[in-house]
Structure formats: C-alpha cells, structure tokens
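K.L.:
Pasting a structure here, questions to come.
The values are calculated or read from the model by the stated rules, or taken from the named source; none is laboratory data. The structure displayed is predicted, hence computed values, not measured ones. Positions of Cβ are generated from backbone atoms using ideal geometry, with glycine treated the same way; all protein chains shown enter the neighbour counts.
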Amino acid sequence: MKKITRFRSYFLSAACAFAAVAFSSCDSDNDGPAGEYARNGVLISNEGAMTKSNASVSFYSHDSKSVENESFKKVNAPLVLGDVLQHMTKQGEKLYLVMNNSGKVLVANAHTLKAEGEIAGLEAPRYIAVLDDNKAYVTEWLGYDPATFAYDNGRVAVVDLKTNTVTKTITVGVQPEELLITAGKLFVANSGGRSVTVINTNTDAIETTITVNDGPNSLALDRNNMLWVSSTGVKVYDPTDWSVSEENSTPGSLAKVNPISNTVMTTLTFSQHAPSPGRLTSAPNGDKLYYVFNNKVWVQDVNAVALATKPLIDRGTYVAYGFNGLGIEPASGLIYAGKASDYTSNGWVVRYNSQSGAAIDSFRVGIAPNGFVFQQ
Amino acid sequence: MTASAIAQQDTTLYQLRTVEIFGKPAEVFASGSRVSTLDSSFIHTYTAGTLADVIQARTPVFLKTNGPSGIAVPAFRGTSPTHTAVLWNGLNISQPALGQSDFSLLPVSSIGNIAVQHGAAGATYGSGAIGGAVLLSSQTQPDPGFGAELMQEVGSFGRYFSSANARYSGRKVSVALSGYRVAAENDFAFRDYGRIGAPTRRQDQAQVAQHGFTQDVSWQLSSKTRLALHGWYTYANREVPPSLGAANTNARQLDRNLRLMTELNHHSNWGETSVKAAIFNDYLRYTDNNNNSLTDINTYQVQAEQTYTYARRWSLRGGLNLQHFEADVQGYGRQVTEDRASAFLLFRYDPSQRLDLSLNLRQAFVKGYNPTPAPTLGANWLMLQQGGHALYLKGNVSGSYRVPTLNERFWQPGGNPDIKPEQGWNFETGLRHRYTLGAVLLESEASVYRMLVDNWIQWMPVTSSYWSPRNLQKVRSQGVELSSRASTALGNWQLAATVAYTYTSSEQVKAYEGSQELNRQLAHIPLHKAHLGTDLSFRTWTLLGNLTYNGLRYTDNSNANNLPAYTLLSLAVHKKFALGQSQLVASLRSDNVTDRAYTVLENMPMPPRSLAASLRFIIP
C-alpha cells in the first residue's frame with residue numbers, strides 16, 4: 001500500500017517535471033492552497049544554536065527533489081526568526097513556530113511563510129498544541145535556579161489565536177514538555193516530575209493528574225485513540241566520566257493511557273537503565289509507534305504487550321544528536337530523521353524506509369533540524 | 001609628533017652592543033618574521049579606548065566582538081582566540097581557564113607600548129603563540145623630573161572616560177602611577193529586526209563600568225643592577241547584550257584582574273641576567289537568569305633568563321619559565337592546581353652586516369604529557385642596497401604549541417584529562433623595502449605564509465547530555481599580508497599614510513572524529529581585511545583618519561550563511577595649546593562617521609556614528 005503511494009508520488013512528480021517544460025506551472029490539485037511552500041513538500045524546523053538567533057526553516061520539495069534552506073529568511077528578511085526554534089506546527093493556513101529563547105511563538109502563513117504576527121509574553125515556551133482556529137496551548141518552563149539546577153512548577157499558557165495573546169496561564173508540574181489534545185482534554189507531560197496533567201479544553205481547568213514513571217517527555221496518540229507517554233526514568237550520572245550510570249539509574253518506560261478514564265492501562269519498562277526513550281511518534285494510520293532509544297529508532301505495534309527487542313534503525317556509533325527530530329511522512333510512509341552534527345555547522349535530514357529501517361537518502365538543512373511539517 | 005600607523009620593526013637596524021640597556025627586546029630573536037609596533041600617536045588617539053579598538057583598526061588581527069560592551073577576542077591569521085598569546089612585560093597573561101584574552105578588558109591608557117608578532121613564535125613566547133602574539137609593556141620613563149597628565153573625555157551614548165597619571169624620575173628611583181575610570185550607557189538606537197516591523201529600540205543591556213590603575217616603580221640598585229615593580233589592576237562590570245530575536249536574560253559579566261610582578265636585572269661579565277616573578281589573580285563571574293558561574297584563579301609565575309652577547313656577532317639567551325595555577329572554578333567541582341614549566345634557548349647570529357639569523361627552541365613540560373618542542377629558524381638578508389633603496393628578503397619556519405586550558409582539562413561534565421596539546425607549524429617568507437628620498441620615507445612589506453595546526457581542540461557533543469573537548473581538527477591557514485607606509489615632512493607640515501591588506505584562508509583539512517566540514521573557510525574569519533590610515537599635522541593641529549574594511553564572514557562552518565562586508569571610517573582632530581610649561585590638547589573624534597549599520601557577529605548590532613570630545617592636560 002505504502003509502496004504504491006510512493007510510486008504514485010514519484011510518477012506524479014516526474015509528470016510534473018515534464019509538464020513544467022510545457023506549461024508554466026503544474027498543479028495536480030487545482031483546489032489546493034497557493035504559495036511557494038504550500039504543497040508537496042516538507043517544512044523542516046532547524047533549532048539553531050542557543051543565543052545566536054540563527055534558527056531557520058528549510059523546505060524540501062518533492063517536485064524539484066531539492067531542498068531550499070533559510071526559507072523563512074528568504075521571505076521575511078531582514079526579520080530574524082529568533083533564538084532556538086523548539087517546535088513547529090501547522091493549523092489550517094497558519095504555521096506556529098515556538099521560539100524558545102526568544103520567549104515567543106511566531107505566527108506565519110503556512111503556504112507562503114510570510115510572518116504575520118507573534119504571541120509574546122511567554123517565558124520559556126517549549127511546545128504548542130492547537131485546539132482549533134481560536135485556541136492553542138503552550139507549555140513553558142519556569143523558575144530555574146542556577147544554584148540548585150532545579151526548576152519550579154511550569155505552566156500552560158492559553159492563547160487566543162484571533163488576537164495572538166495569552167488569555168490565561170495554568171500552573172502544571174515541573175518542566176512541562178510535550179502536550180496533546182484528545183477527547184476534549186489537553187494532556188501535558190511534566191518532564192521534571194512524574195505526572196501528566198489533564199486539562200479540560202472547554203473550561204481550561206485542571207481535571208486531574210495522572211501518575212506515570214519519572215520524566216514523561218513525549219506523547220502520541222494511536223489508532224485506538226489511546227495516549228502513549230514515554231518516560232525517561234531517573235538518570236544518575238557517574239561523577240568521574242559523566243556518563244549515565246546503568247547501576248544507579250531507573251529505567252525508562254512507555255505507558256498506554258486511556259484518555260477517557262485518565263488511567264494507565266499498560267506500562268512497558270525498558271530493561272536497560274541508562275538510555276532514555278523519547279520523540280514518540282505515531283505512524284500516520286496510528287497502528288505503530290516510533291521512538292528514539294539509545295540513539296537508535298525503535299518501532300512498536302500499538303497492540304504489542306512487550307517492547308521490541310531489536311531496533312528498526314541502528315547506525316552503530318552515531319553522532320550524539322543523530323535523531324534530533326523524528327517524523328513520518330503520511331503520503332510516503334518514509335521516516336524523516338533530523339541529524340545535528342554540532343551547533344556550528346549545518347545538519348542533515350536522513351530518510352529511512354519505515355519497513356526495513358534502511359537509509360534511503362539525505363539532504364543538508366540548517367543547524368540542528370528537530371521537526372517536520374508535511375505539506376500534502 | 002610624526003606619522004601614525006604601524007612602524008615596521010626593523011630588526012636589522014638593531015645593533016648588537018656589548019653594553020646594552022636592560023631587557024633586550026625579544027623581537028631581536030625574531031629574525032625573518034614580521035613584528036610591528038603600533039605608533040604612539042595613533043595609540044594616543046585611542047587613549048580612552050581599549051586594546052580592542054587599536055588592534056582592530058590598525059592590524060590584520062580580526063576581533064570577534066559581540067557588541068559595544070561585550071567581549072572582544074582575536075582571530076589572528078585565521079586562528080581561534082586561544083591562538084594569540086598576550087604578554088605583559090614578557091609574561092603570558094591569558095586567562096588560564098579559557099586560555100584567551102579579552103582585549104576589551106585591557107585599557108590603552110595603562111599600556112606603554114604595543115607590538116604585534118605575526119605568525120607562530122612558540123619558541124619565544126610559549127604556549128598559545130600560534131597565530132601570533134601581542135606584546136604589551138609598561139610605560140617607560142621618558143625624562144628625569146616630575147610629570148603628570150589629566151584627561152577627560154565625553155562621548156556619545158553616555159560614555160565618560162577619565163584618567164590621571166603622575167610620574168617622578170630621579171637618578172636612582174622612578175615611580176609612575178596611573179588610574180582610569182569608564183562609565184558608558186551604550187544606549188544607542190538600533191532597528192530591532194528580531195521583532196515584526198523592525199521597531200527602533202534603544203540598547204538597554206550594554207552598560208559598562210570599568211576602572212583600574214597601574215603602578216610602576218624602578219630602582220637602580222647599582223650601576224649594574226635594577227629592580228622594578230609593576231602592578232596592574234583592572235575591573236570591569238558589563239552587561240552582555242542578547243542577540244536580536246533572543247530574550248534578554250540579564251546577562252552580566254564581572255571581571256577583576258590583578259597583576260603584580262617584580263623584575264630584577266643585573267649586568268655582569270656573563271651578560272645580562274633577568275629574573276621575573278609574578279602573581280596574577282583572574283576573577284570572572286558570569287550571571288544571567290539561568291547561570292551563575294564563578295572563576296577565580298591565582299597564577300604564580302617565575303621566569304629567569306640569561307643573555308650573553310659577543311661583540312656584534314651573536315647573542316644567546318637561555319631561560320626557564322615556571323607557572324603554578326590554583327583554580328577555584330565552580331565548573332570543576334573542586335580546587336584544581338597545575339604546574340607547567342618550559343625551557344628555552346634563543347640564538348641570534350649576524351654573520352655579516354647584511355644578514356641576521358635566529359635559531360630558537362623551547363620545550364614545555366606539563367604533568368601527564370609534554371608538548372613537542374617548538375623550534376624557530378629565521379633569516380633576514382639585506383639583498384639590495386642602492387641609492388635610497390634597501391630591499392630585504394626574509395624567511396622563517398617556526399613551530400608552536402598550545403597547552404590545553406584548565407577548562408578543557410577539568411570542566412565537569414566534559415573536561416578531557418587526556419586531551420593532547422595543539423601543535424602548529426608556520427612557514428613564511430617576505431620582502432621588505434625601504435626607500436628614502438630627502439624627507440620622504442617609504443616602507444613596504446609583503447609576506448606570504450602557510451600554517452598548519454594539528455590536534456586543534458574543539459568542543460563536540462559526545463552524548464546528548466554534555467559536550468567534551470577533542471583533538472578534532474587539522475587546520476590549514478594561508479595568506480598574504482601587504483603593508484606600505486609613506487611619510488614626509490614639508491616645512492610645518494607632516495604627512496603620513498599607511499595602507500595594508502590581508503588575505504586569510506583558513507580551512508579544516510582533516511577531521512579525526514565525527515562529521516566535520518572540510519575545506520571550507522572557518523566561521524568568523526574574513527578572507528579580506530584592509531585599512532587605510534592617514535595622518536596630517538600642521539603646527540599645533542593634527543588630523544587622523546582611518547578607514548577599515550572587513551570582508552564577508554561566514555557564520556557557520558558549512559559556509560551556508562554569511563555576514564556582509566563593512567567599511568568603517570573614523571576621524572580625529574587634535575589641537576595643542578601651550579599653557580606656560582604645560583600643554584593642553586583638545587580633541588574631537590568620531591567613529592563610524594558614515595553611520596554604517598553593521599554587525600561583527602550575527603544579530604549583534606554595533607553602535608552607529610559616535611562623537612567624543614576630550615581635553616588632556618599635560619605637565620611635562
């Protein structure tokens with residue numbers, strides 16, 4: 001099924017390339033949105049190096065089979081995108097770019113990348129979840145103490161998307177990280193603690209908190225509308241070489257949560273203690289979950305009762321940020337991985353076959369790629 | 001007062017004499033390399049400024065500076081900031097935790113002479129002299145008797161500078177004291193391209209408060225023995241501005257540096273003996289909303305040298321340098337001490353009046369590992385002498401090294417105790433031409449160099465939780481340095497012009513670990529840098545102009561993004577008034593005269609056109 005889809009897209013792009021010679025443009029779907037970045041490609045968020053304000057957006061076009069870097073800059077210069085692009089998401093015609101160290105969310109047109117506004121007044125925004133055209137939620141870390149290296153409780157900012165202003169803040173757990181909306185509720189992973197906060201999206205009031213393993217950091221929804229939570233466990237560093245201690249750390253886990261009853265159905269605990277799972281991503285049809293663990297990518301059937309024993313993608317000794325971002329393209333089923341080498345040179349996007357885990361190709365993007373928005 | 005500009009150090013004009021003033025300059029042993037001295041009238045123009053201002057304006061060194069108040073670190077011949085050694089009266093004063101010097105902490109008013117050694121000189125100046133070295137020395141006593149000077153400058157963006165100095169020089173004892181104080185708001189207006197609509201904003205995070213003093217005492221114990229004491233204290237409390245588009249995290253840096261040294265010179269039949277002992281304290285505190293980092297390091301340093309000179313033929317200097325560090329650095333998690341030593345032998349030989357050679361060697365010793373020996377072989381030959389022309393051919397091969405910094409070894413997490421020292425080789429050759437015709441003097445120099453630095457240390461992510469320094473790269477830097485200076489005097493007029501151009505290609509040619517960019521220009525190193533300086537004086541009037549061009553710089557090692565080239569013009573005019581025996585100098589200076597909007601590092605706006613007016617009262 002996936003193969004056919006991919007073949008079709010190749011065929012289409014080949015046809016378009018041919019047609020481009022004869023006609024000035026090629027639209028396989030005339031009702032589609034207009035704009036250079038509107039369709040048949042992938043927007044890539046590049047985090048950039050902290051304090052340098054060199055975050056960027058790249059665009060990979062399936063039509064031309066080429067990547068364009070600094071797309072945001074190209075459209076909006078001399079406007080600077082900002083510092084540390086932590087998360088990028090699309091809602092309708094809007095693209096929301098969470099600029100962590102700029103303390104704002106930049107709003108751009110998702111088809112043209114033209115900057116349209118910003119949501120200011122945020123302290124250290126991490127991730128955004130959009131409910132509808134009117135409302136969104138942003139997680140923020142608060143109260144870092146450089147002496148103790150500890151944070152206070154963070155918050156969720158409720159944003160009115162018509163005015164791009166924060167209308168309310170909700171105090172949640174420590175270091176709230178990813179957030180997800182389902183079943184009329186917002187689920188917030190409090191990565192500095194061991195809970196998931198549940199917020200009613202009608203009232204914006206906290207409904208309850210669900211206790212999970214320590215360090216919940218990423219969330220995904222499966223085919224059965226079950227919520228998956230990855231938790232890192234408690235990590236203890238070896239004081240001599242600063243590696244994570246296998247002996248003294250507690251293992252990470254994946255938990256399956258029923259979002260209706262707010263209960264943990266299953267917890268799958270890793271046997272290795274030192275590595276942490278993260279970047280939980282569900283397949284487009286929700287039958288599988290992909291995640292990063294021990295600098296490898298693993299796949300998990302949503303109905304499986306045990307964790308996979310072999311990784312899907314294993315690059316051996318690989319750069320530390322080899323899976324800085326993970327995305328599955330709905331049309332092709334390909335796995336996109338953002339590979340950051342360091343923060344002074346550009347990174348890569350490496351594409352993998354989601355069945356075999358084999359690397360297919362790669363292209364160069366901006367500094368530290370960490371996320372993808374697939375434009376159909 | 002004649003001319004400005006860099007006066008090229010003429011090592012061949014130097015005559016080896018058996019009776020010599022104490023402290024034979026180390027440049028004597030630098031045959032065939034390029035050493036330039038910054039002209040004192042140009043330094044006077046920047047009395048109210050820092051070493052960063054003068055080095056940026058009149059040398060090929062590119063300074064990476066993050067704003068009007070921020071740190072300014074050198075990139076010399078395409079190398080990194082840790083590759084320029086800074087010496088004060090012959091001792092290395094680089095901050096030991098970072099292994100580099102922030103030039104904006106070194107006020108010009110506290111420095112007597114500034115010389116710049118181009119290229120590697122590890123044998124002469126020790127660790128860190130890979131791209132070059134900046135040699136600072138204390139004010140020397142000009143004339144016997146009393147003297148004093150007072151200065152006050154008022155400048156744009158709320159900048160106030162005051163300095164005072166006094167000296168007494170007798171037959172046996174001379175004493176000099178100086179102090180300065182700077183307060184600057186740096187509240188200039190800039191377009192904030194980090195906000196939609198690019199509103200004009202005032203810089204509100206670049207305030208600076210600096211003060212400091214120097215003290216120099218020299219005591220002639222006998223006709224053959226002299227004792228000197230030098231003290232130098234600097235204090236700087238600076239706000240660090242955020243990049244455009246980044247949140248203001250209230251970053252602030254406090255630096256306190258105390259340097260004390262004593263120097264004993266003795267002349268005997270065995271030649272000159274020089275013994276220096278020093279205590280340095282370097283305190284640095286960096287705070288922002290997320291950091292509170294403290295560095296407090298005491299450095300104890302002893303250097304003993306013996307120089308023997310035979311007639312006008314040769315001169316031999318042997319010496320030993322010992323360093324002991326006591327570091328209280330939060331990031332190390334414990335007190336760290338380290339001892340380093342190095343021994344050196346410098347030899348200069350003049351087989352004829354037209355040829356001088358030098359052969360130098362240094363070996364450093366550090367517990368756990370020893371860097372490879374750093375030799376230098378250089379020659380300077382007067383090839384042609386005809387009419388008013390003199391043409392010299394120069395050449396030099398020199399080794400260099402850098403002992404890893406304390407951070408690179410001890411920082412937790414990540415510090416790498418097994419890291420190896422960096423090692424460099426520098427090859428250069430050049431021509432120097434002097435032409436005199438009546439009152440006209442024309443001096444030109446052209447050099448080409450090629451430098452290889454191996455085991456270049458870079459921090460890299462080893463796991464997703466921390467970074468660690470690794471001997472990652474082999475870097476090749478090569479380039480051309482051209483400079484020419486013409487000066488003349490016509491009646492009451494004195495004219496001088498300097499033009500200089502530098503081409504610097506610096507690329508990583510080999511990577512030992514991970515995926516690294518090869519054969520691309522290193523970030524923040526301009527390929528082209530040029531300057532044009534002019535000096536005009538008529539009776540009591542002096543006019544100085546300086547035009548500096550810095551070419552395009554890449555902001556990343558992939559050469560994907562760059563910052564545009566920029567040209568800056570500065571102008572200054574001085575007028576002298578005689579007040580009896582004393583003198584009053586009134587000055588007006590303008591920097592960035594053309595009001596050019598530019599950045600040195602990305603997203604860090606620099607000040608627009610500025611004006612400064614000063615009065616200087618001199619009692620000779």
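K.L.:
Kindly check whether there is at least one residue in the range A:84-99 that is in contact with a Pro (Cβ under 6 Å, 6 or more places away or on another chain), crowded, with 19+ Cβ neighbours inside 10 Å, modelled with pLDDT of 95 or more and under 26 Å from B:Pro241 (Cβ atoms).
P.N.:
yes
K.L.:
Could you please find all residues in the range B:189-207 being more than 14 Å from chain A (Cβ to nearest Cβ) and surrounded by fewer than 19 Cβ atoms within 10 Å (Cβ to Cβ)?
P.N.:
B:Ala189, B:Arg202, B:Asp204
K.L.:
For the range B:456-488, what are the residues that are touching a residue at least 40 places away in the same chain (Cβ under 8 Å), over 24 Å from the mean Cα position of the chain (by Cα) and closer than 26 Å to B:Gly128 by Cβ?
P.N.:
Residues satisfying the conditions are B:Trp459, B:Met460, B:Val462, B:Tyr466, B:Trp467, B:Ser468, B:Pro469, B:Arg470, B:Asn471, B:Leu472, B:Gln473.
K.L.:
Further question on the same structure: Testing A:Trp298 on (1) under 29 Å from A:Ser64 (Cα atoms); (2) crowded, with 22+ Cβ neighbours inside 10 Å; (3) modelled with pLDDT of 95 or more, one condition comes back false. Which one is that?
P.N.:
Just one mismatch for A:Trp298, condition (1).
K.L.:
Right, something else. Could you list, in sequence order, the residues of the range A:218-250 that are aliphatic (A, V, I, L, M) and either within 14 Å of chain B (Cβ to nearest Cβ) or farther than 22 Å from A:Lys288 by Cα (or both)?
P.N.:
We begin by selecting, within the range A:218-250, every residue aliphatic (A, V, I, L, M); these are A:219-221, A:226-227, A:229, A:234, A:236, A:244.
Residues satisfying the conditions are A:Val234, A:Val236, A:Val244.
K.L.:
If the Cβ limit is 6 Å and pairs must be 6+ apart or interchain, which residue in the range A:77-91 that is away from every other protein chain (no Cβ under 11 Å) pairs with which residue that is of a type outside the set (Val, Ile, Thr) and assigned to a loop (DSSP other than H, G, I, E, B)?
P.N.:
A:Lys90/A:Ala110
K.L.:
Which count do you get for residues in the range A:133-150 that are within 15 Å of A:Asn164 (Cβ to Cβ) and either within 14 Å of another protein chain (Cβ to nearest Cβ) or of a type outside the set (A, V, I, L, M, F, W, C) (or both)?
P.N.:
4
K.L.:
May I ask you to list pairs of residues, at least six apart or on different chains, whose Cβ atoms are under 6 Å apart, with the first in the range B:499-511 being more than 14 Å from B:Val453 (Cβ to Cβ) and the second being among the β-branched types (Val, Ile, Thr)?
P.N.:
From residues that are more than 14 Å from B:Val453 (Cβ to Cβ), the pairs are B:Tyr503/B:Val480.
Matching residues to (1) more than 14 Å from chain B (Cβ to nearest Cβ); (2) of a type in the set (S, T, N, Q):
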{"site": "A:Thr317", "(1), (2)": "no, yes"}
{"site": "A:Ser332", "(1), (2)": "yes, yes"}
{"site": "A:Ala340", "(1), (2)": "no, no"}
{"site": "A:Val350", "(1), (2)": "no, no"}
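K.L.:
Does the range B:386-409 hold any residues that are under 29 Å from B:Phe365 (Cα atoms) and surrounded by 22 or more Cβ atoms within 10 Å (Cβ to Cβ), and which are they?
P.N.:
Just the residues of the range B:386-409 that are under 29 Å from B:Phe365 (Cα atoms), to begin with: B:395-409.
Passing the criteria: B:Asn396, B:Ser398, B:Gly399, B:Ser400, B:Tyr401, B:Arg402, B:Val403, B:Pro404, B:Thr405, B:Leu406, B:Glu408.
K.L.:
Working carefully through the options B:Leu322, B:Leu294, B:Leu258, B:Leu284, find the one that is in a strand (DSSP E or B), touching a strand residue (DSSP E or B) at 6+ places or on another chain (Cβ under 8 Å) and within 14 Å of chain A (Cβ to nearest Cβ).
P.N.:
Within the list B:Leu322, B:Leu294, B:Leu258, B:Leu284, the selection yields B:Leu294.
K.L.:
To continue, here is another question. From the list B:Ser137, B:Ser127, B:Ser156, exactly one residue is of a type in the set (S, T, N, Q) and farther than 30 Å from B:Gly430 by Cβ. Which is it?
P.N.:
B:Ser156
K.L.:
Could I ask something else about it? Only one residue in B:Asn407, B:Asn426, B:Asn396 is more than 14 Å from chain A (Cβ to nearest Cβ) and outside any strand (DSSP E or B), so which one is that? Please lay out each step first, then the result.
P.N.:
Details: B:Asn426 fails: outside any strand (DSSP E or B); B:Asn396 fails: outside any strand (DSSP E or B).
Answer to the selection: B:Asn407.
K.L.:
Now a separate question. How do the helices (runs of 4 or more DSSP H) wholly within the range B:38-135 filter down when requiring 3 or more residues that are under 27 Å from B:Asp204 (Cβ atoms), modelled with pLDDT of 90 or more and touching a helix residue (DSSP H, G or I) at 6+ places or on another chain (Cβ under 8 Å): which remain?
P.N.:
By residue number, B:51-58.
K.L.:
Which of the residues that make up the range B:145-169 are over 19 Å from B:His230 (Cα atoms) and either assigned to a loop (DSSP other than H, G, I, E, B) or touching a Ser or Thr at 6+ places or on another chain (Cβ under 7 Å) (or both)?
P.N.:
B:Gly145, B:Met151, B:Gln152, B:Glu153, B:Gly155, B:Ser156, B:Phe157, B:Gly158
K.L.:
Exactly one condition in (1) buried (at least 20 other Cβ atoms within 10 Å of the Cβ); (2) within 14 Å of chain A (Cβ to nearest Cβ) is false for B:Trp459; which is it?
P.N.:
So the condition that B:Trp459 fails would be (1).
K.L.:
OK, next. Give me the residue from the range A:52-68 that is within 13 Å of chain B (Cβ to nearest Cβ) and surrounded by 22 or more Cβ atoms within 10 Å (Cβ to Cβ) and, out of that set, farthest from the chain's Cα centre (by Cα). Can you show your working first?
P.N.:
Step one: filter the range A:52-68 for residues within 13 Å of chain B (Cβ to nearest Cβ), giving A:52-56, A:58, A:67-68.
Next, only the ones that are surrounded by 22 or more Cβ atoms within 10 Å (Cβ to Cβ) stay: A:52-56, A:58.
Values: A:Lys52: 22, A:Ser53: 20, A:Asn54: 19, A:Ala55: 15, A:Ser56: 15, A:Ser58: 15 Å.
Of everything passing the filter in the range A:52-68, A:Lys52 is farthest from the chain's Cα centre (by Cα).
K.L.:
Just to be sure before I move on: is B:Thr548 crowded, with 18+ Cβ neighbours inside 10 Å and either within 21 Å of B:Leu490 (Cα to Cα) or over 29 Å from the mean Cα position of the chain (by Cα) (or both) in the structure I sent?
P.N.:
So B:Thr548 fails the test.
K.L.:
Report yes if some residue within the range B:63-85 is out of contact with any Cys (no Cβ under 9 Å at 6 or more places or on another chain) and within 23 Å of B:Lys276 (Cβ to Cβ); otherwise report no.
P.N.:
yes
K.L.:
If I ask for residues that are more than 10 Å from every other protein chain (Cβ to nearest Cβ) and in a loop (DSSP other than H, G, I, E, B), which ones from the range B:525-567 would you list?
P.N.:
Once the filter is applied, which keeps residues that are more than 10 Å from every other protein chain (Cβ to nearest Cβ) and in a loop (DSSP other than H, G, I, E, B), the range B:525-567 yields B:Ile525, B:Pro526, B:Leu527, B:Arg539, B:Thr540, B:Gly551, B:Leu552, B:Pro564, B:Ala565.
K.L.:
Another question about this same structure. Based on this model, can you work out whether A:Val305 counts as within 21 Å of the chain's Cα centre (by Cα), at pLDDT below 95 and not in a strand (DSSP E or B)?
P.N.:
On the way: within 21 Å of the chain's Cα centre (by Cα): no; at pLDDT below 95: yes; not in a strand (DSSP E or B): yes.
Judged against the criteria, A:Val305 is not a match.
K.L.:
Condition (residue is touching a residue at least 60 places away in the same chain (Cβ under 8 Å) and within 23 Å of B:Asp556 (Cβ to Cβ)) applied to the range A:107-126: is it met by at least one residue? Steps first, please.
P.N.:
Of the residues in the range A:107-126, the ones touching a residue at least 60 places away in the same chain (Cβ under 8 Å) are A:109-113.
Still in the running and within 23 Å of B:Asp556 (Cβ to Cβ): A:113.
Yes, the range A:107-126 has at least one match.
K.L.:
Moving on to the next point. Given the condition assigned to a loop (DSSP other than H, G, I, E, B) and at pLDDT 90 or above, answer yes or no: does some residue in the range B:9-24 qualify?
P.N.:
Within the range B:9-24, not a single residue is assigned to a loop (DSSP other than H, G, I, E, B) and at pLDDT 90 or above.
K.L.:
Considering the range B:229-255 alone, what residues qualify as being aliphatic (A, V, I, L, M), within 14 Å of chain A (Cβ to nearest Cβ), touching a strand residue (DSSP E or B) at 6+ places or on another chain (Cβ under 6 Å) and touching a residue at least 60 places away in the same chain (Cβ under 8 Å)?
P.N.:
Listed by number, the list holds a single entry, B:Val240.
K.L.:
Does the range A:340-363 contain at least one residue that is touching a Gly at 6+ places or on another chain (Cβ under 8 Å), at pLDDT below 95 and not in a loop (DSSP other than H, G, I, E, B)?
P.N.:
Yes, the conditions are met somewhere in the range A:340-363.
K.L.:
Moving on. I need the full set of residues from the range A:251-263 which are crowded, with 17+ Cβ neighbours inside 10 Å and over 19 Å from A:Tyr290 (Cα atoms), in order please.
P.N.:
Result: A:Pro259, A:Asn262.
K.L.:
Does A:Lys339 satisfy the condition of being touching a Phe, Trp or Tyr at 6+ places or on another chain (Cβ under 9 Å) and more than 30 Å from A:Ala110 (Cβ to Cβ)?
P.N.:
Considered against the rule, which asks whether it is touching a Phe, Trp or Tyr at 6+ places or on another chain (Cβ under 9 Å) and more than 30 Å from A:Ala110 (Cβ to Cβ), A:Lys339 comes out as no.
K.L.:
Scan the range B:330-349 and tell me whether some residue there is in contact (Cβ under 8 Å) with a residue 60 or more places away in the chain, among the hydrophobic types (A, V, I, L, M, F, W, C), outside any strand (DSSP E or B) and surrounded by fewer than 20 Cβ atoms within 10 Å (Cβ to Cβ).
P.N.:
Just the residues of the range B:330-349 that are in contact (Cβ under 8 Å) with a residue 60 or more places away in the chain, to begin with: B:331-333, B:336, B:338, B:340, B:342, B:344, B:346-348.
Pick out the ones that are also among the hydrophobic types (A, V, I, L, M, F, W, C) and you get B:336, B:344, B:346-347.
Next cut, outside any strand (DSSP E or B) only: none.
Checked the range B:330-349: no residue is in contact (Cβ under 8 Å) with a residue 60 or more places away in the chain, among the hydrophobic types (A, V, I, L, M, F, W, C), outside any strand (DSSP E or B) and surrounded by fewer than 20 Cβ atoms within 10 Å (Cβ to Cβ).
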